[in-house]
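Visitor: One structure coming up, written as structure tokens, with questions to follow.
The values are calculated or read from the model by the stated rules, or taken from the named source; none is laboratory data. Keep in mind that this is a model prediction, so the values were computed, not measured. Virtual Cβ from ideal backbone geometry, glycine too; neighbours counted across all protein chains shown. In case anyone asks, the SASA skips ligands and DNA or RNA and just uses the protein heavy atoms, side chains included. Shrake-Rupley method; radii C 1.70, N 1.55, O 1.52, S 1.80 Å.
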Amino acid sequence: MKRGTKILACTVVIGGLGATAFAVSSAGGSEDGETGTVAVERGEIVDRALAVGRIEPLVEVSVKSQLAGVVRRMFKEPGEYVRRGQPLVEVQPNPTPIELVEARRNVELRDIELQQLVRQRDRLSALRGRGFVSEEEYETVARQFDEASLQVQMATERLALLSEGRVTIGDEAVETVITSPIQGFILEKMVEIGDPVVPLTTFQEGTALMTMAEMDELLFRGTVDEIDVGRLAEGMPVEITIGALPDARIEGRLTKISLKGRDEENATLFPVEIAVVPVDGAALRAGYSANAHVIIERRSDVLVIPERLVRFEDERTLVTVRLGPEETEEREIRTGLSDGISVEVLDGLAEGERVLEPPRREIT
């Protein structure tokens, strides 16, 4: 019983394979009058390289504080246009009790040192008048007195900054209000009222309060695949498309090609920069995702056909040309520039001739 079942199954499988092979052979050999044709026409071929990235300002400034404290007041919000020197953020000093006590005691100590030098200077001044002290000794004490006076002034100013947040040095008022370093737009703020602020020093980056940019000069920063980067050169024209602005026609020029690639998702990509030409009527914003098509070569008013019509056999480039209702001809042609969809015909075809579509292969 089991043996008979196995034989039947083998017979069905073999029969199915035979039917499939017949269907493939029949479909591959069909060339009837219903096969479509494409006319040879004149058009434009553009060879492009795709770069994927985003729109960014040429210069973006990070605003930081040189004083420690907490954010007390915000004068401007993201999106506002400000001029150089306008107030942005007020940072209120927030010293610890120990820092405040040390600052006050430091003022007292410096004042004690100054009073001692005052008495010493007066004493030496009297002795110098009698000829008991040399001029050099008196000048040394006088210099120490001047230094001690500056130390007292510095300690007093530091105490004023810690306790009040402002101090006047000479004719210049020093406050804890951070002003705009450039003229431009506020892109983003990173702090809120009450947030702590770490100062910018030689040893630490400090807390970023805001980012600003002029937005007059914009760049496209993105990456190009290593397959295309060898064909690029600085100065090539670029067409940029932005998903948020589908109707905007944005142009640019390739300004920088990185000498070193980076690996991303098993692909080697090279960073590029493209200067964006200002566009009337289109408000470009920092952070827009965009695609840039670098124009490597452009040929206009040339004969073109779809690249799918071309066959390559024995180092020859062939197409099938329809000469009449029932007459076709295999013809060798010479091709030129291709954009992956259409190809330029340099020789072998004339405008208006019709080229057969390749037969479709159907597998049942």
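Visitor: Charges only on Cβ, +1 for Lys and Arg, -1 for Asp and Glu: so what's the dipole of the range 74-146 about the Cα centre, in debye to the nearest 20?
Guide: 180
Visitor: Between Gly281, Gly230, Gly131, where does the largest GNM mean-square fluctuation fall for the chain, given springs only between Cα atoms within less than 10 Å?
Guide: Of Gly281, Gly230, Gly131, the most mobile in the Gaussian network model is Gly131.
Visitor: For the chain, set up a Gaussian network in which alpha carbons nearer than 10 Å are linked by springs, and say which option among Arg123, Arg42, Arg311 fluctuates the most.
Guide: In the Gaussian network model the winner is Arg123.
Visitor: Place the peptides 217-226, 334-343 in order of packing, highest mean first, counting for every residue the other Cβ atoms within 10 Å and averaging per peptide.
Guide: Descending mean neighbour count gives 217-226, 334-343.
Visitor: List the aspartates and glutamates whose alpha-carbon lies under 14 Å from that of Lys189, not counting same-chain residues fewer than 8 positions away?
Guide: Hits, sequence-local ones excluded: Glu60, Glu77, Glu80, Glu90.
Visitor: Around Gly69, what is the net charge, scoring Lys/Arg as +1 and Asp/Glu as -1 over all other residues with Cβ under 11 Å from its Cβ?
Guide: Value of the local net charge: -1.
Visitor: Shifting gears a bit: How large are Rg and Dmax for the chain when only the alpha carbon atoms are used, in Å?
Guide: Expressed in Å, the Cα Rg and Dmax of the chain come to 40.1, 142.
Visitor: Which of Ile193, Ile296, Leu269 sits farthest toward the positive end of the charge dipole of the chain, with +1 on the Cβ of Lys and Arg and -1 on the Cβ of Asp and Glu?
Guide: Result: Ile193.
Visitor: Net charge around Val302, counting only other residues with Cβ within less than 11 Å of its Cβ (Lys, Arg = +1; Asp, Glu = -1)?
Guide: With Lys, Arg at +1 and Asp, Glu at -1, the net is -2.
Visitor: Roughly what angle does helix 135-164 make with the longest principal axis of the chain, taking Cα atoms, 0 to 90 degrees, to the nearest 10?
Guide: So the inclination is approximately 50 degrees.
Visitor: I want to verify a result. In a Gaussian network model of the chain, Cα cutoff 10 Å, which of these has the top mean-square fluctuation: Val272, Val345, Val141?
Guide: Its mean-square fluctuation being the largest, the pick is Val141.
Visitor: What value, in deg cm²/dmol to 500, does the helix sum -39500 (n - 2.57) over DSSP H runs of n ≥ 4 give at 222 nm once divided by the residues of the chain?
Guide: -9000 deg cm²/dmol
Visitor: Under 9 Å from the Cβ of Val40, count the other residues' Cβ atoms, weight Lys and Arg +1, Asp and Glu -1, and hand me the total.
Guide: Local charge sum for Val40: -1.
Visitor: In addition: First compute the accessible area of the range 267-311 with a 1.4 Å probe, then give the percent of it belonging to carbon and sulfur atoms.
Guide: 49
Visitor: Taking the Cα centroid of the range 100-135 and of the range 250-329, what is the distance between the two, rounded to the nearest whole Å?
Guide: Value for the Cα centre distance between the two parts: 82 Å.
Visitor: With the crude spin-label approximation of a point 7 Å out along Cα→Cβ, what separation in nm comes out for Glu108 versus Ala282?
Guide: 6.9
Visitor: Among Pro359, Val82, Ala208, whose Cα sits farthest toward the positive end of the charge dipole of the chain (+1 at Cβ of Lys/Arg, -1 at Cβ of Asp/Glu, about the Cα centre)?
Guide: Working it through, the farthest residue towards the positive pole turns out to be Ala208.
Visitor: About the Cα centre, and with charges only on the beta carbon of Lys, Arg (+1) and Asp, Glu (-1), how big is the dipole of the chain? Nearest 20 debye, please.
Guide: 1500
Visitor: Tell me, what is the per residue accessible area of the chain in Å², probe radius 1.4 Å? Could the numbers behind the result be given before it?
Guide: Working: 23480 Å² over 364 residues.
With all protein chains present, the chain gives 64 Å² per residue.
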